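What follows is a single structure, written as structure tokens, with notes after it.
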Amino acid sequence: MDYASSSPLTSISREALRDTGTSTLEEALNQLPQLGLGANKTNAGWGGTGQATLNLRGLGPQRNLVLLDGRRLQPATTDNVVDVNAIPSALIEDVQIITGGASAVYGSDAIAGVVNIRLKDDFEGIRLDSQFAQYGEGDGDTTDVALTLGGNFADNRGNAVLSLSWSDRDGVDFMARDFFRSNPGGTDFRIQTGTYELGANLPTQAAVDQVFARYGAAAGRVPVSPTTYLGFNDDGTLFSANKGPFNWRGPDGQLNNTGTQLNNLNQFSLIQVPLERHGAFGRVTYDINDDVQAYGQFNWSSLSSYVAAEGGNTGINVPVTNPFIPDDLRTILASRANPDADFRLHKRFQEAGPRTFERDFDNWQFLAG
């Protein structure tokens, strides 16, 4: 279909969308050069929602306007971003994309352009669409089912259509792929032991020198200050966890040059967000005359997803009565001005499992005119 337009306009037919072989609208449109990667129900990142957005010209999904048959859709976020999961893909006729000069007509939320998704207006019959897909590794199962019913009435002056859809997608962990298994270096989980921040309740320099002399350090090699950190080796000895660390006895590649113990931040992360979505769309139109049409429309979608990330990175206070304190650390703690005070332990608690964030979205829209 050809269009005349004073602005750059691209039209993608239903057949072209189908021929991409993708299971969702945003995946098909993201193959176009006009669109950069937006959020979608596949990628995760901490804070990912499973929502699917469009990102025209890489300016962000909040800077382009998504329309359905030329009408605005109910935003899914406070940034007025539209979740295109809510659009009934079984009814899509074509998609029109305008990438220039749109803000003068549509307003400031169309700085990057406009995506107008047009639906069939004369659907008749019953149509069942289903699709199943998975990754080549045999995981990430995706199932999509849509049932559409419609028909004309009043000598074809009116049309009523109802579309119901369901989608289910399995999650895929980073650890399921060798490429993502470790970040950075190695394939182990790297549960780090943590560090002790000296803080305001300082030990004496003599006590620190006494302990580190056992490891071959000269006096003053590990200076005492509130910003000095001491780390714990697996054998109970200590190491200096500041720039130019001393006496680190862990595996190579698990401590950087600033004394920070490295963690596998990909251990619990997701390549693909697990998601379940239900949707319903209904519309009735009636041509009063050749120029005036009355319509009523509703659109509902319900989406559930969750994301996961590595264990939290925080500090806890440890009492000096803890029986698991190594002897060398106990010697240093006893030299503090207040030897009975708790000390601060900093570590990422990978042992406790991932942080998870579950999200449920329900989106309703009713239109009449």
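The values are calculated or read from the model by the stated rules, or taken from the named source; none is laboratory data. Every value quoted in this text rests on a predicted model; they were computed, and no experiment measured them. Reconstructed Cβ throughout: ideal geometry from the backbone, glycine too, with neighbour counts over all protein chains shown.
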Residues within region 87-110 that are on the phi > 0 side of the Ramachandran plot and either buried (at least 22 other Cβ atoms within 10 Å of the Cβ) or without any contact (Cβ under 8 Å) to a residue 24 or more places away in the chain (or both), tallied:
0
When the residues of region 144-165 are filtered to those that are surrounded by fewer than 16 Cβ atoms within 10 Å (Cβ to Cβ) and part of a strand (DSSP E or B), which remaining residue is nearest to the chain's Cα centre (by Cα)?
145
Conditions (1) under 27 Å from residue 11 (Cβ atoms); (2) surrounded by 15 or more Cβ atoms within 10 Å (Cβ to Cβ); (3) modelled with pLDDT under 85; (4) small (Gly, Ala, Ser); number of the one not met by residue 140
(1)
Being surrounded by 18 or more Cβ atoms within 10 Å (Cβ to Cβ), basic (Lys, Arg) and outside any loop (DSSP other than H, G, I, E, B), is that true of even one residue in region 63-86?
yes
Has region 311-328 got any residue that is part of a loop (DSSP other than H, G, I, E, B), small (Gly, Ala, Ser) and within 12 Å of residue 203 (Cβ to Cβ)?
no
Residue by residue through region 1-19, note down the ones that are surrounded by fewer than 15 Cβ atoms within 10 Å (Cβ to Cβ) and modelled with pLDDT of 70 or more.
8, 13, 15, 16, 18, 19
Can you run down the residue pairs with Cβ atoms below 9 Å, 6 or more apart or on separate chains, where the first is in region 192-218 and under 19 Å from residue 243 (Cα atoms) and the partner is in a helix (DSSP H, G or I) and aromatic (Phe, Trp, Tyr)?
218/212
In region 219-239, which residue that is in contact (Cβ under 8 Å) with a residue 60 or more places away in the chain and not in a loop (DSSP other than H, G, I, E, B) is farthest from residue 312 (Cα to Cα)?
238
Apart from one, (1) surrounded by 15 or more Cβ atoms within 10 Å (Cβ to Cβ); (2) modelled with pLDDT under 85 all hold for residue 312; the odd one out is (1)
Look at residue 216 and say whether it is within 33 Å of the chain's Cα centre (by Cα) and part of a loop (DSSP other than H, G, I, E, B).
no
Under the condition of being charged (D, E, K, R) and within 25 Å of the chain's Cα centre (by Cα), which residue from region 277-336 is farthest from residue 261 (Cα to Cα)?
277
Residues being among the β-branched types (Val, Ile, Thr) and either at pLDDT below 85 or closer than 15 Å to residue 151 by Cβ (or both): count how many of those fall in region 112-130.
1
Under the condition of being assigned to a strand (DSSP E or B) and not aliphatic (A, V, I, L, M), which residue from region 166-176 is nearest to residue 309 (Cα to Cα)?
173
Checking residue 179 against (1) part of a helix (DSSP H, G or I); (2) buried (at least 16 other Cβ atoms within 10 Å of the Cβ); (3) hydrophobic (A, V, I, L, M, F, W, C): exactly one of these is not met. Which one?
(2)
Looking at region 252-262, is at least one residue at pLDDT 80 or above and closer than 29 Å to residue 323 by Cβ?
no
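Residue-by-condition table, conditions (1) surrounded by 19 or more Cβ atoms within 10 Å (Cβ to Cβ); (2) within 23 Å of residue 175 (Cα to Cα):
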site: 237; (1), (2): yes, no
site: 240; (1), (2): yes, no
site: 243; (1), (2): no, no
site: 254; (1), (2): no, yes
site: 261; (1), (2): yes, yes
site: 267; (1), (2): yes, yes
site: 273; (1), (2): yes, yes
Restricting region 321-369 to residues that are in contact (Cβ under 8 Å) with a residue 12 or more places away in the chain and of a type in the set (Val, Ile, Thr), the one surrounded by the fewest Cβ atoms within 10 Å (Cβ to Cβ) turns out to be 356
What residue, of 291, 340, 362, is acidic (Asp, Glu), under 30 Å from residue 69 (Cβ atoms) and not in a strand (DSSP E or B)?
291
Looking at the structure I just gave you, is residue 130 surrounded by fewer than 16 Cβ atoms within 10 Å (Cβ to Cβ), in contact with a strand residue (DSSP E or B) (Cβ under 6 Å, 6 or more places away or on another chain) and more than 21 Å from residue 12 (Cβ to Cβ)?
yes
Test residue 250 against the criterion of being in contact (Cβ under 8 Å) with a residue 24 or more places away in the chain, over 29 Å from residue 140 (Cα atoms) and out of contact with any Lys or Arg (no Cβ under 7 Å at 6 or more places or on another chain), and give yes or no.
no
